1. Filter the GluC sites (Glu not before Pro) in the range 9-73 down to the DSSP loop ones having no more than 13 other Cβ atoms within 10 Å, then list what survives.
2. Per residue, how large is the accessible surface of the chain? Use a 1.4 angstrom probe and give square angstrom.
3. Which length gain, in nm to one decimal place, applies between Thr8 and Glu50 when the Cα-Cα distance is subtracted from 0.36 nm times their residue separation?
4. Show that you can apply the helix-only estimate: for the chain, add -39,500 (n - 2.57) for every DSSP H stretch of four or more residues, divide by all residues, and state [θ] at 222 nm to the nearest 500.
5. Can you pull out the trypsin sites (Lys or Arg not before Pro) in the range 18-73 whose DSSP state is coil and whose Cβ has at most 12 other Cβ atoms within 10 Å?
6. Using +1 at the Cβ of each Lys and Arg and -1 at the Cβ of each Asp and Glu in the chain, identify which of Thr16, Tyr53, Pro38 lies farthest towards the dipole's positive end.
7. Subtract the Cα-Cα distance of Arg67 and Arg1 from 0.36 nm times their separation in residues, and report this length gain in nm to one decimal.
8. Can you pull the percent of the chain's accessible area that's carbon plus sulfur, 1.4 Å probe, other chains left in place?
Amino acid sequence: RLLMTVCTALRSRDSTAREGARSVLCSLLQDLGAEYLPCVLHELCMALKEGGYQMHIRVFTLHALLRSLADTY
């Protein structure tokens, strides 16, 4: 439920809110481990379904998640 709430916060048009949600999501994934990446991606895709800015946010967030995992591992 927390994961869904954080992913839904990425829909915000406020860039500060998106950056905060992205930071929390990266921290969650680092704490949970790489085996939870499919769950995080599923929630991310469910929260950001539409094209346009939501697709851009989804790709940018995926890049941030992979970078944070690369730093950890």
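The values are calculated or read from the model by the stated rules, or taken from the named source; none is laboratory data. Bear in mind the structure is a predicted one, so any value in this text is a computation, not a measurement. Virtual Cβ from ideal backbone geometry, glycine too; neighbours counted across all protein chains shown. Accessible surface is based on the protein model in full, side chains and every heavy atom, while ligands, DNA and RNA are left aside. Shrake-Rupley method; radii C 1.70, N 1.55, O 1.52, S 1.80 Å.
1. On the way: sites: Glu19, Glu35, Glu43, Glu50; in loops: Glu50.
Passing both the DSSP loop test and the Cβ count: Glu50.
2. Working: 4670 Å² over 73 residues.
That works out to 64 Å² per residue.
3. Gain on extension, Thr8 to Glu50, equals 13.8 nm.
4. On the way: 4 runs with 57 residues, N = 73.
After summing the helix terms and dividing by the residues of the chain, the value is -25500 deg cm²/dmol.
5. Working: sites: Arg18, Arg22, Lys49, Arg58, Arg67; in loops: Lys49.
In loop regions of the range 18-73 (DSSP not H, G, I, E or B), the sparsely surrounded trypsin sites (Lys or Arg not before Pro) are Lys49.
6. With unit charges placed on the Cβ atoms, the residue in question is Tyr53.
7. Values: separation 66, 0.36 × 66 = 23.76 nm, distance 2.40 nm.
Using 0.36 nm per residue and subtracting the Cα-Cα distance, I get 21.4 nm.
8. Details: 2760 of 4670 Å².
Carbon-and-sulfur percentage of accessible area, whole number: 59.
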